[in-house]
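The values are calculated or read from the model by the stated rules, or taken from the named source; none is laboratory data. All values derive from a computational prediction rather than experimental measurement. Because the Cβ atoms are built from the backbone with ideal geometry, glycine has one as well, and the counts that use them run over all protein chains shown.
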Amino acid sequence: MPPVAPRPRSVPSNELSAYADLVPAPVGAEPTAGVHWTLSATTAIHTHPAPVAVAVAEHLAAVLRRATGHPLPVVPDDGPGPIRLHFARDGVPEHSEGYRLDVTADGVTVAARTAAGLFHGTQTLRQLLPAEVESGTAGPGPWTVPGGYVVDRPRFAYRGAMLDVARHFRPVADILRFIDLISLYKINHLHLHLTDDQGWRIAIDNWPLLAEYGGASEVGGGPGGHYSKADYRRIVEYAATRAITVVPEIDVPGHTNAALAAYAELSPDRTSPPVYTGTEVGFSALAVHSETTYDFLHDVFTEIAALTPGPYLHVGGDEAFKVPAADYATFMARTQPLVVATGKTVMGWHQLADTAHSPGRVIQFWGTSDRDDTVADAVTRGARVLLSPANRAYLDMKYATDTPVGHDWAGLLEVRDVYDWDPGSFLAGVPESAVLGVEAPLWTESVTTMAEVELMLFPRLPAIAELGWSPAGTRDWAGFARRLAAQGPRWSAAGITFHRSPQISWP
Ligand code: TNX
């Protein structure tokens, strides 16, 4: 094959519309006509010397080195440089995740109050560079950034993605890639659904068979797997360098067959059920009247909390069909204080709503209606709401009948369905002030490979990310569809599998 000549490009493809193409849409952005700056073989990244800032700089450098082949040294001197990351308050939106980015003829400056703000600013910078910056191999450039500025901050504190590693286990390397993918769009929470009927995926020292036996299978009978504590710490630390907090979920009292298979004493009839590899829900339950169950939960929550720098511990609570309502209420009245005693805040699926309040708790709504009076009532008792309506945010729903994996019980979800709603006014009786944010869950009964994970995420995850980040006034389907189209070449360059939605005019 003859060598492929580099495409001649006098005006870089990103020059004209880059500031208008950002996803999620920023609070404010303007190009400066006639100004641009080009990254070169001599460009260095100057950063505030705090380790958290250096980590952001090193991440940016790694992305840029891959695509440009340039050395991009990270220089911790916080002085002016062609690329500068620094902490500042003047001109930076008053929010811990806010940032200001300026591109002049001399270079790029990202200013923020925290490392998270710097990180988000660098993700914006990636989108101002040509799409080829996402490539894993060095290309010729030119690596030109159009002049202009962005000022930005999120609308909601919590923008999440959930991955179910219980139905199909994913090794650590896949979780790290997942973190990289979601952080592109300023998602700041990774909820890991660590336990379910088909698998227990996290090592617990006091109850070793949970992971060793309860984790050794998965849907379909594959080998499953689990995270050692060292694995899990690695995930948490890696996520932190991408401004992401990990939210662990231990789903109780239902969805517990894997735990019951490992320890008969947790089972209502003191008999271990066989390992389960099917996809039914709602058939398993912990022994809610046994003290052993609460000793178990105390141990598990204590060990999980010790692995969790973030504030939340998710207790599941969904689909406990085998537990009578009164017993469920009693169970949650005992379980939530066990979480609080570890110093963590309770999070749970919205079945938790009509149980006893616990301070600051977060109810994750996954219904398909815009009215749920028990959730609205929980809000009057002090709960906050995380919105994951299944007919809007469930990434395991198929796009169309021919989507190769996924469910359709909450409907077929094309990207417009996922984008076109307002989290601030979605649930009757739940004002925007009670909405902590949005989360897109990916259940994996039928999702078995990373390519399938990516297919279900893209392009819908960026839609949820934008609902969580961008000012309400920017929400406009036509505009979003146009901006999303511009992301396609970036995903292609990065080797990300995505659904070529017929609703989008991909370039
Ligand atoms: C319902 S959503 C579940 C999960 C399933 C999912 C499939 C929720 C809290 N529970 O156990 O995986 O539907 O879409």
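Please determine whether any residue of the stretch 130-146 is at pLDDT below 95, of a type outside the set (Asp, Glu) and more than 16 Å from the ligand (Cβ to nearest atom).
Kept after step one, since they are at pLDDT below 95, are these residues of the stretch 130-146: 141.
From what is left, the residues that are of a type outside the set (Asp, Glu) are 141.
Those still in the list that are more than 16 Å from the ligand (Cβ to nearest atom) too: 141.
Scanning the stretch 130-146 turns up at least one residue that is at pLDDT below 95, of a type outside the set (Asp, Glu) and more than 16 Å from the ligand (Cβ to nearest atom).
Please give the number of the condition Leu297 fails out of (1) within 16 Å of the ligand (Cβ to nearest atom); (2) over 21 Å from Phe169 (Cα atoms).
If we test Leu297 against (1) within 16 Å of the ligand (Cβ to nearest atom); (2) over 21 Å from Phe169 (Cα atoms), just (1) comes out false.
Looking only at the stretch 324-341, filter to residues that are in contact (Cβ under 8 Å) with a residue 40 or more places away in the chain and either surrounded by 18 or more Cβ atoms within 10 Å (Cβ to Cβ) or at positive phi (or both); which one of those is nearest to the ligand (Cβ to nearest atom)?
Looking at the filtered set, the residue picked out is Tyr328.
Can you pull out every residue in the stretch 401-410 that is within 11 Å of the ligand (Cβ to nearest atom) and either free of Cβ contacts under 8 Å to residues at least 40 places away in the same chain or under 13 Å from Met456 (Cα atoms) (or both)? Break it down stepwise before answering.
Taking the stretch 401-410 as the starting set, the residues that turn out to be within 11 Å of the ligand (Cβ to nearest atom) are 406-410.
Gly406, His407, Asp408, Trp409 - these are the residues of the stretch 401-410 that are within 11 Å of the ligand (Cβ to nearest atom) and either free of Cβ contacts under 8 Å to residues at least 40 places away in the same chain or under 13 Å from Met456 (Cα atoms) (or both).
Restricting attention to the stretch 370-402, report how many residues are of a type in the set (Ser, Thr, Tyr) and surrounded by fewer than 19 Cβ atoms within 10 Å (Cβ to Cβ).
3
Being buried (at least 19 other Cβ atoms within 10 Å of the Cβ) and either part of a helix (DSSP H, G or I) or within 16 Å of the ligand (Cβ to nearest atom) (or both): is that true of Ala451 here?
On the way: buried (at least 19 other Cβ atoms within 10 Å of the Cβ): no; either part of a helix (DSSP H, G or I) or within 16 Å of the ligand (Cβ to nearest atom) (or both): yes.
No: the conditions fail for Ala451.
If Ala287 satisfies every condition in (1) assigned to a loop (DSSP other than H, G, I, E, B); (2) touching a strand residue (DSSP E or B) at 6+ places or on another chain (Cβ under 9 Å); (3) within 21 Å of Pro208 (Cβ to Cβ) but one, which is the exception?
(2)
Results for (1) among the β-branched types (Val, Ile, Thr); (2) free of Cβ contacts under 8 Å to residues at least 12 places away in the same chain, shown as yes or no for each residue.
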{"position": "Glu237", "(1), (2)": "no, yes"}
{"position": "Arg242", "(1), (2)": "no, no"}
{"position": "Thr245", "(1), (2)": "yes, no"}
{"position": "Gly254", "(1), (2)": "no, no"}
{"position": "Ala259", "(1), (2)": "no, no"}
{"position": "Glu265", "(1), (2)": "no, no"}
{"position": "Pro268", "(1), (2)": "no, no"}
{"position": "Leu286", "(1), (2)": "no, no"}
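Would you be able to say whether some residue in the stretch 364-379 is in contact with a helix residue (DSSP H, G or I) (Cβ under 7 Å, 6 or more places away or on another chain), within 15 Å of the ligand (Cβ to nearest atom) and among the aromatic types (Phe, Trp, Tyr)? Walk me through it before giving the result.
Of the residues in the stretch 364-379, the ones in contact with a helix residue (DSSP H, G or I) (Cβ under 7 Å, 6 or more places away or on another chain) are 364-368, 372, 375, 379.
From what is left, the residues that are within 15 Å of the ligand (Cβ to nearest atom) are 364-368, 372, 375.
Of the ones still in play, those that are also among the aromatic types (Phe, Trp, Tyr) are 365-366.
Yes, the stretch 364-379 contains a residue that is in contact with a helix residue (DSSP H, G or I) (Cβ under 7 Å, 6 or more places away or on another chain), within 15 Å of the ligand (Cβ to nearest atom) and among the aromatic types (Phe, Trp, Tyr).
So is Thr302 within 16 Å of the ligand (Cβ to nearest atom), hydroxyl-bearing (Ser, Thr, Tyr) and surrounded by fewer than 21 Cβ atoms within 10 Å (Cβ to Cβ) or not?
Working: within 16 Å of the ligand (Cβ to nearest atom): no; hydroxyl-bearing (Ser, Thr, Tyr): yes; surrounded by fewer than 21 Cβ atoms within 10 Å (Cβ to Cβ): yes.
No: the conditions fail for Thr302.
Can you tell me which residues in the stretch 172-193 are free of Cβ contacts under 8 Å to residues at least 60 places away in the same chain and either surrounded by 22 or more Cβ atoms within 10 Å (Cβ to Cβ) or within 15 Å of Glu452 (Cα to Cα) (or both)? Walk me through how you get there before you give the answer.
Going residue by residue through the stretch 172-193, those that are free of Cβ contacts under 8 Å to residues at least 60 places away in the same chain are 173, 190, 192.
Residues satisfying the conditions are Leu190, Leu192.
How many residues, within the stretch 433-448, are part of a helix (DSSP H, G or I) and within 16 Å of the ligand (Cβ to nearest atom)? It would help to see each step written out before you state the result.
First, the residues of the stretch 433-448 that are part of a helix (DSSP H, G or I): 433-434.
When the remaining residues are screened for being within 16 Å of the ligand (Cβ to nearest atom), the result is none.
Selection size over the stretch 433-448: 0.
For the stretch 454-474, which positions are closer than 13 Å to Pro24 by Cβ and crowded, with 19+ Cβ neighbours inside 10 Å?
Passing the criteria: Pro459, Leu461, Pro462, Ala463, Ile464, Ala465, Glu466, Leu467, Gly468, Trp469, Ser470.
Just a yes or no: is a residue in the stretch 413-427 within 16 Å of the ligand (Cβ to nearest atom) and among the hydroxyl-bearing types (Ser, Thr, Tyr)?
no
From Val75, Val110, which residue is without any contact (Cβ under 8 Å) to a residue 40 or more places away in the chain and within 22 Å of Thr32 (Cβ to Cβ)?
Values: Val75 fails: within 22 Å of Thr32 (Cβ to Cβ).
Sole residue among the options that is without any contact (Cβ under 8 Å) to a residue 40 or more places away in the chain and within 22 Å of Thr32 (Cβ to Cβ): Val110.
Which one of the conditions (1) surrounded by fewer than 21 Cβ atoms within 10 Å (Cβ to Cβ); (2) of a type outside the set (Phe, Trp, Tyr); (3) not in a strand (DSSP E or B) does Glu97 fail to meet, given that it meets all the rest?
Looking at each condition in turn, Glu97 falls short on (1).
Specify the residue that is nearest to Trp200 (Cα to Cα); the eligible residues are those in the stretch 151-161 that are crowded, with 23+ Cβ neighbours inside 10 Å and of a type outside the set (D, E, K, R).
Among those that are crowded, with 23+ Cβ neighbours inside 10 Å and of a type outside the set (D, E, K, R), it is Ala161.
Only residues that are aliphatic (A, V, I, L, M) and away from the ligand (no atom under 11 Å from the Cβ): list them for the stretch 380-400, please. Outline the logic, then answer.
Narrowing the stretch 380-400 to residues aliphatic (A, V, I, L, M): 383, 385-387, 390, 393, 395, 397, 400.
Listed by number, the residues that qualify are Ala383, Val385, Leu386, Leu387, Ala400.
Tell me which residues, restricted to the stretch 192-218, are within 23 Å of the chain's Cα centre (by Cα) and either β-branched (Val, Ile, Thr) or under 20 Å from Gln123 (Cβ atoms) (or both).
Passing the criteria: Thr195, Ile202.
Among the residues of the stretch 235-271, which ones are closer than 22 Å to Val172 by Cβ, among the hydroxyl-bearing types (Ser, Thr, Tyr) and out of contact with any strand residue (DSSP E or B) (no Cβ under 9 Å at 6 or more places or on another chain)?
Tyr238, Thr241
Which of the residues that make up the stretch 227-282 are assigned to a helix (DSSP H, G or I) and of a type in the set (Gly, Ala, Ser)? Give the steps one after another, and end with the answer.
Quick first cut of the stretch 227-282, residues assigned to a helix (DSSP H, G or I) only: 229-241, 257-262, 264-266.
Hits for the stretch 227-282 are Ala230, Ala239, Ala240, Ala258, Ala259, Ala261, Ala262, Ala264.
Just checking, does the stretch 496-505 include any residue being in contact (Cβ under 8 Å) with a residue 24 or more places away in the chain, aliphatic (A, V, I, L, M) and touching a Ser or Thr at 6+ places or on another chain (Cβ under 9 Å)?
no
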